[in-house]
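S.K.: One structure, as structure tokens, below. Some questions next.
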Amino acid sequence: MSLQGFPRGERALFGHINSPVPGQNGRTDMKIVVIGGSGLIGTKLGAILRKQGHEVVAASPSTGVNTITGEGLAAALSGAQVVVDVANAPSWEARAVLEFFETSSRNLLAAEKAAGVAHHVALSVVGTERLLESAYFPAKLAQEKLIKASGVPYTILRATQFFEFVGGIVESGTDGDTIRMSPALFQPIAADDVAAALADVAVAPPVNGTIEVAGPEPIPLDKIARQYLAVKGDKREVIADVHASYFGAAINDRSLTPGENPRLGRIRFESWLSQ
């Protein structure tokens, strides 16, 4: 199946992997491990994949799988064809977030190589290399570099920010009784659309590259903030401020929007707000 924004590539020949190669012969009975499987995206992704007939392991510390300590990894990955990593750091402090993504990724990728996993899928963020003033994004970039150097066949799916996080983004601009937001373009996406894109990536062959997914349309960040506050009945004024930062990073119209030919979600922000 051809998907908008999904590069097409030759299927590589891999040595020690669990057959079948993802996407081969329309298999719908693969074992797919979702790291961070109890979170917002992981829960939605697991439901989609199970409906398709796959065996899904929702791996998280609460289910006895810890990518930081390595606990439970070998057992969870045994016989798996695909691992999808949607885990997020518990802290965004600079040292803590970097240590989380580096340690987690090293442990996970090593365990995947030992288990013969055929496809590593990772959820990352659109604009990661453009937002390095904020501690979170250098950590995600470090994670991506480890994936690319690991030798495990991979696909990185970069998504724009989720609708579900807009409230926190708006509150980050609080300045007394007002909200200061950059008028830079923003193209957020529904978590349901991110999960759907991840599900498509997980059952397709690895592209050994990066794919982007974004919401249906770019909207100025200050406008989204006004829409959100209006629906919530919040009367605070939103001030468009070109100097307002995004979690410590200066932004422009390219910072939070995808490049050419991204996959686009179907759910519009206005529709999501009305739910």
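The values are calculated or read from the model by the stated rules, or taken from the named source; none is laboratory data. Just so you know, these numbers come straight off a predicted model, no measurement behind them. Cβ sites come from the backbone with ideal geometry, for glycine too, and all protein chains shown count toward neighbours.
S.K.: Does region 190-197 include one or more residues that are of a type in the set (Asp, Glu), modelled with pLDDT of 95 or more, surrounded by 23 or more Cβ atoms within 10 Å (Cβ to Cβ) and part of a helix (DSSP H, G or I)?
M.R.: Scanning region 190-197, I find at least one residue that is of a type in the set (Asp, Glu), modelled with pLDDT of 95 or more, surrounded by 23 or more Cβ atoms within 10 Å (Cβ to Cβ) and part of a helix (DSSP H, G or I), so the answer is yes.
S.K.: Right, another one. Would you check which residues across region 90-107 are among the hydrophobic types (A, V, I, L, M, F, W, C) and touching a residue at least 40 places away in the same chain (Cβ under 8 Å) and list them?
M.R.: 92, 94, 97, 98, 101
S.K.: Applying the selection to region 49-76, what residues are part of a loop (DSSP other than H, G, I, E, B) and either touching a residue at least 40 places away in the same chain (Cβ under 8 Å) or over 18 Å from the mean Cα position of the chain (by Cα) (or both)? Quick ask: steps written out before the conclusion?
M.R.: Step one: list which residues in region 49-76 are part of a loop (DSSP other than H, G, I, E, B), which gives 52-54, 60, 64-72.
Those that are part of a loop (DSSP other than H, G, I, E, B) and either touching a residue at least 40 places away in the same chain (Cβ under 8 Å) or over 18 Å from the mean Cα position of the chain (by Cα) (or both): 52, 53, 54, 64, 65, 66, 67, 68, 69, 70, 71, 72.
S.K.: Looking at residue 182, is it surrounded by fewer than 20 Cβ atoms within 10 Å (Cβ to Cβ) and more than 22 Å from residue 99 (Cβ to Cβ)?
M.R.: no
S.K.: Another question about this same structure. So, in region 39-48, of the ones that are surrounded by 16 or more Cβ atoms within 10 Å (Cβ to Cβ) and either farther than 16 Å from residue 122 by Cα or of a type in the set (S, T, N, Q) (or both), which residue ends up farthest from the chain's Cα centre (by Cα)? Give the steps one after another, and end with the answer.
M.R.: Keep residues of region 39-48 that are surrounded by 16 or more Cβ atoms within 10 Å (Cβ to Cβ), which gives 39-46, 48.
With the extra rule that they be either farther than 16 Å from residue 122 by Cα or of a type in the set (S, T, N, Q) (or both), the set shrinks to 43, 48.
Values: 43: 13, 48: 16 Å.
Once the filter is applied, the top-ranked residue is 48.
S.K.: Another question, then. Restricted to region 96-135, and to residues that are at pLDDT below 95 and in a helix (DSSP H, G or I), which residue is surrounded by the most Cβ atoms within 10 Å (Cβ to Cβ)?
M.R.: The qualifying residue surrounded by the most Cβ atoms within 10 Å (Cβ to Cβ) is 128.
S.K.: If you scan region 136-178, which residues turn out to be touching an Asp or Glu at 6+ places or on another chain (Cβ under 7 Å) and either in a loop (DSSP other than H, G, I, E, B) or under 25 Å from residue 270 (Cα atoms) (or both)?
M.R.: Hits for region 136-178 are 152, 158, 178.
S.K.: For region 49-81: of the residues being over 16 Å from residue 121 (Cβ atoms) and β-branched (Val, Ile, Thr), which is surrounded by the most Cβ atoms within 10 Å (Cβ to Cβ)?
M.R.: 65
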